[in-house]
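First comes the structure, then the notes that go with it.
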Amino acid sequence: MRFLQFVSLFLLTVCNPKIAHAGDFVNPELNFWTSELRDSVQKNDYRITIVTDKFNISGIWVVRRIDNSWRGIMMNEFGLKIFDFICTEKKCELKNVVALADKWYIRKTIADDIQFILEIDNPDFKKALTTQKNLDNNSLTITGKNNMLQRFSNGDMVMLNKKRGLKYVFNKI
């Protein structure tokens, strides 16, 4: 009887299933970014539109992977810079923001959304661990707490920020 505790403890440790980590069950089919949509070596150009209930901002979004971080710029069609950014799995920071959008809450919202878009396939990105992925007719939908990211079969991509009512529409140039 006195060895019963040790036997049960031994059986619990031996029979305990392995705890799964985020990278253990990566299905490449469920990755948002495909090699056709984003190159991790070359620069990537996208046409982007940010839509709110009051206004739309359209422009060009240029992104490149440099020193384990995504660095990029958003500018309008005439070449006027709206903002620059540096994004990793831990933090995204906007730099050189145009005066119209240079408010802390706008910067924070856009930085969080850019980080969600760029780092969604990174297993070290904490928000990616709590998302649900659904593949239906070559259209992938990734749903997070406040964000929904969609990739359609024609290559168009849409990100919805449900909390702030923002919609980002972008496609590869």
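Read the figures in this text as sums done on the coordinates, not as results from a lab. Predicted model, so just to flag it, every value in this text is computed and none were measured. Neighbour counts are summed over all protein chains in view; Cβ atoms, including those assigned to glycine, are modelled from backbone coordinates with ideal geometry.
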TODO: Sort out which residues of region 68-108 are over 18 Å from residue 121 (Cβ atoms) and of a type in the set (Lys, Arg), and write them in order of number.
DONE: 81, 95, 103, 107, 108
Task: Members of region 84-99 found to be of a type in the set (S, T, N, Q) and over 14 Å from residue 63 (Cβ atoms), listed by number - done: 96
TODO: Would you please name the residue that is farthest from residue 44 (Cα to Cα), looking only at residues in region 156-169 that are surrounded by fewer than 19 Cβ atoms within 10 Å (Cβ to Cβ) and touching a strand residue (DSSP E or B) at 6+ places or on another chain (Cβ under 6 Å)?
DONE: 167
TODO: Note down all Cβ pairs under 7 Å where the first residue falls in region 46-65 and is within 16 Å of residue 113 (Cβ to Cβ) and in contact (Cβ under 8 Å) with a residue 24 or more places away in the chain, the second is in a strand (DSSP E or B) and of a type in the set (D, E, K, R), and they're at least six residues apart or on different chains.
DONE: 46/172; 51/167
TODO: Restricting attention to region 132-142, report how many residues are polar (S, T, N, Q) and within 15 Å of residue 33 (Cα to Cα).
DONE: 4
TODO: Identify all residues within region 95-134 that are surrounded by fewer than 18 Cβ atoms within 10 Å (Cβ to Cβ), aromatic (Phe, Trp, Tyr) and either within 17 Å of residue 72 (Cβ to Cβ) or in contact with a helix residue (DSSP H, G or I) (Cβ under 7 Å, 6 or more places away or on another chain) (or both); write none if there are none.
DONE: none
